[in-house]
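Notes to accompany the following structure.
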Amino acid sequence: MRVSVVGGAGYVGGELVRYLLGHPGLELAQVTSSSLPGRPVTMVHPNLRGFTSMRFVAPDQLRPCDAVVVAGGEGPAQVPSLSELRAVAPLVVDCGPRLRLRDPDAFRAWYRSEPEPPEVLREAVYGLPELGRAEILGSSLVSGVGCSAAAAILALLPVARAGWKLTAPACVEARFGSSAAGSRPDLSTHHPERSGALRVFAPDHHRHAAEVAQALGWEASRLSYAGMGVEMVRGISVSIRCFLADPVPEKDLWDAFRSTYRDEPFVRVVAQRAGLHRHPDPRWLAGTNLCDVGFWLDRSGLRLSLFAALDNLGKGSAGNAVQALNCALGMDERLGLTFMGLHPL
Amino acid sequence: MSDDLNPQAGECPECAAVFVLPTGTVVGEILPCPDCAAELEVVALDPPRLALAPEIEEDWGE
């Protein structure tokens with residue numbers, strides 16, 4: 001199986017290349033870049049030196065292959081259209097936002113740009129395997145996930161499936177490492193502006209709320225969703241405060257998380273009573289496709305805090321895209337994704 | 001189940017995880033829960049009964 005990466009010069013693209021070079025069942029065919037055609041891939045991804053001598057090709061040089069994965073990081077003008085991509089490969093996995101929301105009006109409202117045609121959005125499958133791997137299997141058009149959205153969905157999913165009622169919107173606070181802003185610099189990512197700062201860039205209504213609401217079958221108004229930039233390069237940490245209408249015993253909470261994630265290879269329940277690392281922390285997940293989820297319930301059983309952590313370039317984008325690709329192709333989802341992370345780091 | 005495990009299982013009083021006590025477990029021994037990592041004291045063996053052992057709390061900022 002030959003897979004090409006479209007838009008490989010950015011951070012997500014670099015991670016896609018890294019994962020695919022280590023994948024035992026897939027062969028990396030081409031890596032495109034509209035800004036660096038002809039240049040070695042290792043010029044912008046120095047960690048890959050010695051593992052590939054591949055050079056970037058221009059997007060119009062993309063040759064037929066079995067699948068393309070779109071990193072989606074170079075802006076709409078540089079990303080080939082879906083019809084162009086589907087002409088070269090029977091399977092497209094797109095890490096960008098254009099396939100994530102089913103409702104064109106929602107896409108227009110949250111992304112302030114024109115959506116793909118409704119029939120394309122209806123055909124596309126949301127690419128979070130934990131939510132619906134049966135739907136992904138055999139699909140030809142698979143979306144990526146928003147990095148903090150994936151974390152929030154995985155934290156909330158056991159609660160949503162249990163059907164526990166909340167008395168107020170779930171308050172999501174998502175903290176973002178700088179690489180989530182992409183590889184193109186602007187003032188907000190300039191070192192003197194960002195270093196040491198804890199900048200709230202979305203006090204509420206972060207656009208990932210739409211994706212989380214869609215995934216859980218909720219109205220977006222059931223979420224308050226804030227985003228803050230923190231002093232990390234990689235990593236998303238999500239805390240979600242929920243106020244339950246009726247008390248829930250902690251053992252039922254454990255049951256809900258165990259039953260949701262017992263067989264999931266990339267989601268770990270971390271809600272420990274002892275030790276230093278009791279709750280999810282993105283630092284120990286850098287470079288992995290893991291998402292750690294956890295919770296804390298106060299003695300009344302009414303106030304529930306949920307936590308999730310992941311690498312925004314791993315389970316939050318490129319790693320998840322490779323997992324979804326494995327899933328769509330009917331392969332073992334774990335292939336190419338077995339890195340366990342580092343500690344200390 | 002491996003041969004070196006006691007087939008009798010205990011339940012964590014914190015998270016309800018059910019797990020098999022290792023062979024040779026004695027009353028008073030402290031075992032970590034495999035799910036929530038709570039430190040559990042073995043208070044009885046036949047049948048196995050586990051209780052939460054006193055834990056050291058973090059007190060940053062207090």
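For the structure I just gave you, tell me whether residue A:88 is in contact with a Pro (Cβ under 9 Å, 6 or more places away or on another chain) and within 26 Å of residue A:113 (Cβ to Cβ).
Details: in contact with a Pro (Cβ under 9 Å, 6 or more places away or on another chain): yes; within 26 Å of residue A:113 (Cβ to Cβ): yes.
Answer is yes for this residue.
Report every pair of residues separated by at least 6 positions or lying on different chains whose Cβ atoms are under 9 Å apart, first residue within region A:250-261 and outside the structural domain of residue A:298 (by TED's automatic domain parsing), second part of a helix (DSSP H, G or I).
Pairs found: none.
Quick one: would you say residue A:244 is surrounded by fewer than 24 Cβ atoms within 10 Å (Cβ to Cβ), modelled with pLDDT of 95 or more and touching a His at 6+ places or on another chain (Cβ under 9 Å)? So that I can check it myself, show each step before the final result.
On the way: surrounded by fewer than 24 Cβ atoms within 10 Å (Cβ to Cβ): yes; modelled with pLDDT of 95 or more: yes; touching a His at 6+ places or on another chain (Cβ under 9 Å): no.
When the stated conditions are applied, residue A:244 does not pass them.
Answer yes if at least one residue in region A:202-210 is farther than 25 Å from residue A:287 by Cβ and touching a Leu at 6+ places or on another chain (Cβ under 8 Å), and no otherwise.
There is at least one residue in region A:202-210 that is farther than 25 Å from residue A:287 by Cβ and touching a Leu at 6+ places or on another chain (Cβ under 8 Å).
For region A:264-297: of the residues being part of a loop (DSSP other than H, G, I, E, B) and within 18 Å of residue A:338 (Cα to Cα), which is nearest to the other protein chains (Cβ to nearest Cβ)?
Narrowing region A:264-297 to residues part of a loop (DSSP other than H, G, I, E, B): A:264-266, A:270-281, A:286-290.
Those still in the list that are within 18 Å of residue A:338 (Cα to Cα) too: A:264-266, A:286-290.
Values: A:264: 15, A:265: 17, A:266: 18, A:286: 22, A:287: 24, A:288: 20, A:289: 22, A:290: 17 Å.
Top of the filtered list is A:264.
If only one of A:120, A:68 is assigned to a strand (DSSP E or B), at pLDDT 95 or above and under 30 Å from residue A:155 (Cα atoms), which one is it?
Working: A:120 fails: assigned to a strand (DSSP E or B).
The unique qualifying residue is A:68.
From (1) at pLDDT 90 or above; (2) out of contact with any strand residue (DSSP E or B) (no Cβ under 6 Å at 6 or more places or on another chain); (3) within 14 Å of chain A (Cβ to nearest Cβ), pick out the condition that doesn't hold for residue B:57.
(1)
Any idea which residue in region A:227-263 is nearest to residue A:151 (Cα to Cα), counting only those that are within 12 Å of chain B (Cβ to nearest Cβ) and either part of a strand (DSSP E or B) or hydrophobic (A, V, I, L, M, F, W, C) (or both)?
Ranking the qualifying residues of region A:227-263, first place goes to A:257.
Report, by residue number, each residue of region A:210-241 that is surrounded by fewer than 16 Cβ atoms within 10 Å (Cβ to Cβ) and under 27 Å from residue A:324 (Cα atoms).
Correct list: A:217, A:219, A:233.
Only residues that are part of a loop (DSSP other than H, G, I, E, B) and more than 20 Å from residue A:185 (Cα to Cα): list them for region A:1-36, please. Write out each step before concluding.
Step one: filter region A:1-36 for residues part of a loop (DSSP other than H, G, I, E, B), giving A:1, A:7-10, A:22-26, A:33-36.
Listed by number, the residues that qualify are A:1, A:22, A:23, A:24, A:25, A:26.
Taking region A:230-289 only, how many residues are of a type in the set (Phe, Trp, Tyr) and in contact with a helix residue (DSSP H, G or I) (Cβ under 8 Å, 6 or more places away or on another chain)?
Of region A:230-289, the ones of a type in the set (Phe, Trp, Tyr) are A:243, A:254, A:257, A:261, A:266, A:284.
Add one more test, that the residue is in contact with a helix residue (DSSP H, G or I) (Cβ under 8 Å, 6 or more places away or on another chain), and what stays is A:257, A:261, A:266.
Here the count works out to 3.
State all residues of region A:167-190 that are over 21 Å from residue A:70 (Cα atoms) and crowded, with 17+ Cβ neighbours inside 10 Å; if no residue qualifies, say none.
Quick first cut of region A:167-190, residues over 21 Å from residue A:70 (Cα atoms) only: A:167-177, A:186-190.
Of everything in region A:167-190, those that are over 21 Å from residue A:70 (Cα atoms) and crowded, with 17+ Cβ neighbours inside 10 Å turn out to be A:169, A:170, A:172, A:173, A:174, A:175, A:176, A:177.
Which ones in region A:179-189 are over 15 Å from the mean Cα position of the chain (by Cα) and either modelled with pLDDT of 90 or more or in the same structural domain as residue A:72 (by TED's automatic domain parsing) (or both)?
Hit for region A:179-189 is A:187, nothing else.
For the condition free of Cβ contacts under 8 Å to residues at least 40 places away in the same chain, surrounded by fewer than 18 Cβ atoms within 10 Å (Cβ to Cβ), more than 14 Å from the chain's Cα centre (by Cα) and under 20 Å from residue A:154 (Cα atoms), what is the one hit in A:299, A:278? Lay out the reasoning, then the answer.
Values: A:299 fails: under 20 Å from residue A:154 (Cα atoms).
Step by step, each of A:299, A:278 is checked, and only A:278 is free of Cβ contacts under 8 Å to residues at least 40 places away in the same chain, surrounded by fewer than 18 Cβ atoms within 10 Å (Cβ to Cβ), more than 14 Å from the chain's Cα centre (by Cα) and under 20 Å from residue A:154 (Cα atoms).
Any idea which of (1) under 22 Å from residue A:150 (Cα atoms); (2) surrounded by 18 or more Cβ atoms within 10 Å (Cβ to Cβ); (3) touching an Asp or Glu at 6+ places or on another chain (Cβ under 8 Å) is the one residue A:94 doesn't satisfy?
For residue A:94, the failing item is (3).
Looking only at region B:7-51, how many residues end up being more than 14 Å from every other protein chain (Cβ to nearest Cβ) and either part of a loop (DSSP other than H, G, I, E, B) or loosely packed, with under 11 Cβ neighbours inside 10 Å (or both)?
At the first step, the residues of region B:7-51 found to be more than 14 Å from every other protein chain (Cβ to nearest Cβ) are B:7-10, B:20-29, B:42-49.
When the remaining residues are screened for being either part of a loop (DSSP other than H, G, I, E, B) or loosely packed, with under 11 Cβ neighbours inside 10 Å (or both), the result is B:7, B:23-29, B:46-47.
Result for region B:7-51: 10.
With the requirement that a residue be touching a residue at least 60 places away in the same chain (Cβ under 8 Å) and not in a helix (DSSP H, G or I), what does region A:90-117 give you?
The answer is A:91, A:93, A:95, A:100, A:101, A:102, A:103.
The values are calculated or read from the model by the stated rules, or taken from the named source; none is laboratory data. Computed from a prediction, not measured in an experiment: that's the story for all the values here. FYI the Cβ positions are ideal-geometry reconstructions off the backbone, even for glycines, and counts take in every protein chain you see.
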